[in-house]
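Take a look at the structure set out below.
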Amino acid sequence: MILKGFKQNALKRSIESYITKRKKEAFHKKGIDSLGVLIDASAPVNVVLLLKLANELGVPSEKLTVLGYQEDQKEITESPDSSYYNDKAIGVNGSFKSNTVNNFINQPFDVLINFYGESKPALDIVASASKARFKVGFAAIDHRINDLVIGGAEGDNNLFINELKKYLKILEII
């Protein structure tokens, strides 16, 4: 239990480090070519909704990458099509042991959607370490991780999609 507390504190320091090192870049092109979605797999997530979201943003389904965090999962086998990770995929110092997580973080998504409503260090560190050019998330998450924060839509996924589309159009991203 004490070790878990040390790891949580170390992850929080790593999150702070990623946030301060991140360079904000202007979005130079119109349109989204690749979309990443980070989810909390312990909460029910409708995969059809994620495909609908990608379709509404003009992203082909093969350019949609979803990574899920499973807190309660004891062992996740590493495979090329695996899209889940657990606490064991993250080292005490905030390093990533999983190829799945490393590939997700290093992929330069045009937009990363942090589609989770409760802040957890294992989700926040992946979101903050991501090389995505533009990050979107819910208001309940640390505002410094995301470039665009959508509030009041945690329970209503259709509202989130509509608000996301509206603000991406205003920002001339889509």
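Quick note: the coordinates plus some simple rules give every number you see, no bench work behind them. It should be emphasised that the depicted structure is a prediction, and the values quoted were computed from it without experimental measurement. Note: ideal-geometry Cβ built from the backbone for every residue, glycine included; neighbour counts use all protein chains shown.
Fewest-first ordering of ASP33, ASP142 by other beta carbons within 10 Å of each residue's beta carbon gives ASP33, ASP142. For the range 133-174, backbone nitrogen atoms closer than 19 Å to the point 7 Å from ASN55 Cα along Cα-to-C-beta are found at 157-166. Here the extension length gained between TYR167 and LYS120 equals 14.4 nm, from 0.36 nm per residue of separation less the Cα-Cα distance.
In the chain, the DSSP-assigned H stretches of four residues or longer account for a calculated mean residue ellipticity at 222 nm of -11000 deg cm²/dmol, using -39500 (n - 2.57) per stretch and the full residue count as denominator. Ordering GLY152, VAL48, SER95 by the projection of their Cα atoms onto the charge dipole of the chain, which places +1 on the Cβ of Lys and Arg and -1 on the Cβ of Asp and Glu, puts SER95 at the extreme positive end.
In this Cβ point-charge picture (+1 for Lys and Arg, -1 for Asp and Glu), the chain has a dipole of about 680 debye about its Cα centre.
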